[in-house]
């Protein structure tokens, strides 16, 4: 626009001097101006539209990325919560030892919840002590993942399969003791002897000359435990540990082995079954165990007599002998005297049936019991006989009695109360182990934790007496973790598997 | 002549309209730019937050798995063997690498372990142990992630 002004530029409104050329130029300018009208607005709108689209894309990308991250996190968290549900159920089953209801609960410290249930292998609702299949679903917002594991009670032996010499730096083992008193062990008088370790979570009181006659190691377990009057015991045979031993109560063991614990054991079905296994000799000609020499003892199936093994009953039988064949027995009272014979027919010679363990389970009252009889184990394998004494009372083993088998008398364990006491006196001789709330030994008693004489360390669960009598406090994960494919969802892994 | 006069008058009335259009356009563009910049920074914030959440989720998962791998009897103070319940605080940089202290830390991971029953500071076999993990941004303590699991004897 520099230089000389054009003719058009010199024109003004109403200027009638405009030449035709100027008028033509003016006409063109007007047309041009009309054409340009709104172009800036249109351009800005177009630019705005482009910007809006771009920003929409960016925001969509950002939010989808955030959503993707959240979903990814939810998938991982839901799996973790499902596993938490598995652990929750395992704990519930370990503590309660009963049927396990389906549980649904939220996780207070995480955004999510789980639902978990347990079944037997056949799909029915889980009952103790069967192995369990546990299925848990973890849900976080809209994401749900489901996993399934198998579980079983850990088989922890309470009694030793072999004589164990305790190493102070070794692992604490429930099955390393000849004598263990959760609350107290008292060994007094002369000529007492324990061939094995002696332990307690509280007090081991040693007096007399017992300590020179064969204690393995006296072990004070836990910070509250102590050894009293054990001055004659060399320091190499005395030790302490930081952790108390955890022996389950007999009721817990019963709950693990039988569907409803002692309720099952005291049921009519159980009493009928045990009456069908208690035998006597037929006559006086032979007291050798065989099907022809023995018959059912006509054991009562109702009333107090159904659960009472006493001198009155046994003395009425030929040779004052009562024969127990393999199986579980429930008693509320046990009072046998020196002339009574308790024959433990673990080999089942009297019926010709399969051999097996003999277990006596005792509960139901707080009356003291006594055992002063002759007790013979046909197999000479003390691992085949157990007394599980769940009464808060005292069972006295006296008068030269020799019992081959283990007695487990933990009625309360770490709980409150005095619990059960096993009292050995009068030259009572116990081959195997005495594990109880309280153990007292006086006057020439002996407990011998023996070497393995029966199974040679085999691990066939069907016949191994150690496995058959092993109990664990807890049920635990045994394997076969797998994620279940939800309905309408494809497999997790490309190879078609989901585990 | 009359035509020329009318057109000139018309042009006179139109004088300044282009300027107005330009101003309106500039205003629209400005507003849209402000919006676009806002969206851009929002997206940037979301992106940063997402990235932090992602790292935080990984740290929380790692902490949970670490607790699981230590076993049921794991103690937060392993050197003493007692007092197993408690809190452990660890710090991580922006890449999720472990730091020795809070200096330069981007993330703070607090793991708390509590047991339903203890004997002499050691969890009972029957205890249900709860492991809670929270991940926060160290600089302002903003919560990024929280997670929780259970430990039980013999559990997965």
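The values are calculated or read from the model by the stated rules, or taken from the named source; none is laboratory data. Small disclaimer: the values here were computed from a predicted structure and weren't measured. Here the Cβ is made from the backbone with ideal geometry for all residues, glycine too, and neighbour counts use every protein chain on show.
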Subset of the stretch B:83-113 that is within 13 Å of chain A (Cβ to nearest Cβ) and crowded, with 17+ Cβ neighbours inside 10 Å - its residue that is nearest to residue A:84 (Cα to Cα): B:113
Residues satisfying the stated conditions in the stretch A:68-97, i.e. within 19 Å of residue B:58 (Cβ to Cβ) and facing chain B (nearest Cβ under 9 Å): A:68, A:69, A:70, A:72, A:73, A:76, A:77, A:80, A:81, A:83, A:84
Residue A:368 at pLDDT 90 or above, under 22 Å from residue A:405 (Cα atoms), over 31 Å from the mean Cα position of the chain (by Cα) and assigned by TED's automatic domain parsing to the domain that holds residue A:385: yes
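Please return the ranges of strands (runs of 3 or more DSSP E) entirely within the stretch A:282-337 where 3 or more residues are in the same structural domain as residue A:356 (by TED's automatic domain parsing) and touching a strand residue (DSSP E or B) at 6+ places or on another chain (Cβ under 6 Å). Break it down into steps so the answer makes sense when it comes.
Values: elements: A:294-296, A:308-310, A:321-324, A:327-331, A:333-336.
The qualifying strands (runs of 3 or more DSSP E) are A:308-310, A:321-324, A:327-331, A:333-336.
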Any hit, the stretch A:107-127, residues being within 14 Å of chain B (Cβ to nearest Cβ), at pLDDT below 90 and under 28 Å from residue A:261 (Cβ atoms): no
Exclusive hit being under 21 Å from residue A:483 (Cβ atoms), surrounded by fewer than 17 Cβ atoms within 10 Å (Cβ to Cβ) and within 14 Å of chain B (Cβ to nearest Cβ), set A:135, A:103: A:103
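Could you go through the stretch B:44-62 and let me know if any residue there is at pLDDT below 85, in a helix (DSSP H, G or I) and surrounded by fewer than 17 Cβ atoms within 10 Å (Cβ to Cβ).
Initially, the stretch B:44-62 is screened for residues at pLDDT below 85, giving none.
No - not one qualifying residue is present in the stretch B:44-62.
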Among (1) free of Cβ contacts under 8 Å to residues at least 12 places away in the same chain; (2) part of a strand (DSSP E or B), the one test that residue B:40 misses: (2)
Test: residue in the stretch B:113-133 that is more than 30 Å from residue A:92 (Cα to Cα), without any contact (Cβ under 8 Å) to a residue 12 or more places away in the chain and part of a loop (DSSP other than H, G, I, E, B): no
Residue B:101 vs. criteria under 24 Å from the mean Cα position of the chain (by Cα) and either within 30 Å of residue A:47 (Cβ to Cβ) or without any contact (Cβ under 8 Å) to a residue 12 or more places away in the chain (or both): yes
Checklist (1) touching a strand residue (DSSP E or B) at 6+ places or on another chain (Cβ under 6 Å); (2) surrounded by fewer than 18 Cβ atoms within 10 Å (Cβ to Cβ); (3) assigned to a strand (DSSP E or B) applied to residue A:116, failing item: (2)
Options A:243, A:239, A:252: the member that is within 13 Å of chain B (Cβ to nearest Cβ), over 28 Å from residue A:359 (Cα atoms) and either in contact (Cβ under 8 Å) with a residue 40 or more places away in the chain or not in a loop (DSSP other than H, G, I, E, B) (or both): A:243
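For residue A:59, are the conditions met, namely being over 48 Å from the mean Cα position of the chain (by Cα), modelled with pLDDT of 80 or more and buried (at least 20 other Cβ atoms within 10 Å of the Cβ)? Explain how you work it out, then say what you get.
Working: over 48 Å from the mean Cα position of the chain (by Cα): yes; modelled with pLDDT of 80 or more: yes; buried (at least 20 other Cβ atoms within 10 Å of the Cβ): no.
The answer is no for residue A:59.
For the stretch A:255-269, give me the residue count where each residue is part of a loop (DSSP other than H, G, I, E, B), farther than 18 Å from residue A:158 by Cβ and at pLDDT 80 or above. Reasoning before the result, please.
Restricting attention to the stretch A:255-269, the residues satisfying the condition of being part of a loop (DSSP other than H, G, I, E, B) are A:258-261, A:266-267.
From what's left, farther than 18 Å from residue A:158 by Cβ: A:259-260, A:266-267.
Filter again for at pLDDT 80 or above, leaving A:260, A:266-267.
Going through the stretch A:255-269 one residue at a time, the tally reaches 3.
Looking at the stretch A:24-52 only, could you name the residues that are over 30 Å from residue B:40 (Cβ atoms) and at pLDDT 75 or above? Break it down into steps so the answer makes sense when it comes.
Looking only at the stretch A:24-52, we keep the residues that are over 30 Å from residue B:40 (Cβ atoms), and these are A:24-37.
Result: A:24, A:25.
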Filtered residue count, the stretch B:63-76, keeping only those that are more than 9 Å from chain A (Cβ to nearest Cβ) and either farther than 20 Å from residue B:128 by Cβ or part of a helix (DSSP H, G or I) (or both): 4
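Determine, yes or no, whether residue A:345 is at pLDDT 85 or above, in the same structural domain as residue A:250 (by TED's automatic domain parsing), under 33 Å from the mean Cα position of the chain (by Cα) and closer than 19 Å to residue A:301 by Cα.
Details: at pLDDT 85 or above: yes; in the same structural domain as residue A:250 (by TED's automatic domain parsing): yes; under 33 Å from the mean Cα position of the chain (by Cα): yes; closer than 19 Å to residue A:301 by Cα: no.
Spelling it out, it is not the case that residue A:345 is at pLDDT 85 or above, in the same structural domain as residue A:250 (by TED's automatic domain parsing), under 33 Å from the mean Cα position of the chain (by Cα) and closer than 19 Å to residue A:301 by Cα.
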